[in-house]
Amino acid sequence: MRIGVIGQSGEIAEPVARLAEEVGREIGNRGFVLLTGGTTGVMEWASRGCKSAGGLVVGILPGDETAVANQYVDIPITTGFGFDYRSLVLVHSSDVLIMVSGGNGTLGELSAAYLNQRPVVVVEPTGGWAARVREVAYDGKFLDHRKTMELGFAQTSEEALDMAVRLIQKR
């Protein structure tokens, strides 16, 4: 199973970093492949966690340079695209996505996943858009009235991975 982790890039708060690392470690422990945008922030911490568990980390990178990949990426894939189109490659390459924190870019990835019927588990205690999605969601679990794909909501890394597996099995 290919699990994409989406979330805030750049500097992130220590509790968010630790939770992202736990999500990555849980992915590695279960023998799944981690896909991220391959750079900093949530992506780097999740990659670090996955590598610590002996997992495989794939970075779907913007542009043409592998040098932007964080040190934990095993397979850097350059897309030649900017961040927005790189994110579409990440969404389409993932069987399920886990959202940790996040700003506008992560919100765009969530929307792309929803529009393309890719399951998403939102880890709510991580702040950013992850903490606000449920309150703005239609019926508390969809991004709009079409009810294209029900969102999952988790409080811990273990719960997020359990839910991700269930969502994939439902498909």
> Filtering the stretch 126-141 down to residues that are of a type outside the set (D, E, K, R) and touching a Leu at 6+ places or on another chain (Cβ under 7 Å), which residue is farthest from ILE98 (Cα to Cα)?
Replying inline: ALA137
>> Please go through (1) under 12 Å from the mean Cα position of the chain (by Cα); (2) part of a strand (DSSP E or B); (3) not acidic (Asp, Glu) for LEU107 and return the number of the only condition it doesn't satisfy.
In response: (2)
> Of all residues in the stretch 125-147, which are touching a helix residue (DSSP H, G or I) at 6+ places or on another chain (Cβ under 6 Å), surrounded by fewer than 17 Cβ atoms within 10 Å (Cβ to Cβ) and not aliphatic (A, V, I, L, M)?
Replying inline: GLY140
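Quick note: the coordinates plus some simple rules give every number you see, no bench work behind them. Computed from a prediction, not measured in an experiment: that's the story for all the values here. Neighbour counts are summed over all protein chains in view; Cβ atoms, including those assigned to glycine, are modelled from backbone coordinates with ideal geometry.
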